[in-house]
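Heads up: the structure comes next, in structure tokens.
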């Protein structure tokens, strides 16, 4: 049987989890919800005080990121989110989707799965 992979972006993890429940209730089995981010790492575990100068860089402090190299940190610091001028909330919802729902569905039921995902705000 042919299968289709559906990748849907969500703004909210709650919406993605509701869509996951609805898909499971409809009989779909292979579904996964993950958070995604262009910022690496699990976050910085130390407190940083910009007054003391004890910070590795702007992106480390403002984006709570753990960069493996200096070039990536410099590039991330150019992001509007690092400057504090914008958090991106609501500006471009089709871009600011940090939650990914992945579903593997039978090809003949893909339209039904897409409708369920869109009903909960997913962008396929």
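The values are calculated or read from the model by the stated rules, or taken from the named source; none is laboratory data. Quantities reported herein were computed from a predicted structural model and do not represent experimental measurements. FYI the Cβ positions are ideal-geometry reconstructions off the backbone, even for glycines, and counts take in every protein chain you see.
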Worksheet item: Does residue 16 meet the test of being closer than 30 Å to residue 113 by Cβ, crowded, with 17+ Cβ neighbours inside 10 Å and modelled with pLDDT of 90 or more?
Response: yes
Discussion item. In the same structural domain as residue 3 (by TED's automatic domain parsing), at pLDDT below 95 and under 23 Å from residue 2 (Cβ atoms): is that true of residue 31 in this structure?
Written reply: no
Discussion item. I'm checking my understanding of the structure. Among residues of the stretch 1-39 that are touching a strand residue (DSSP E or B) at 6+ places or on another chain (Cβ under 9 Å) and in a loop (DSSP other than H, G, I, E, B), which one is farthest from residue 65 (Cα to Cα)?
Written reply: 1
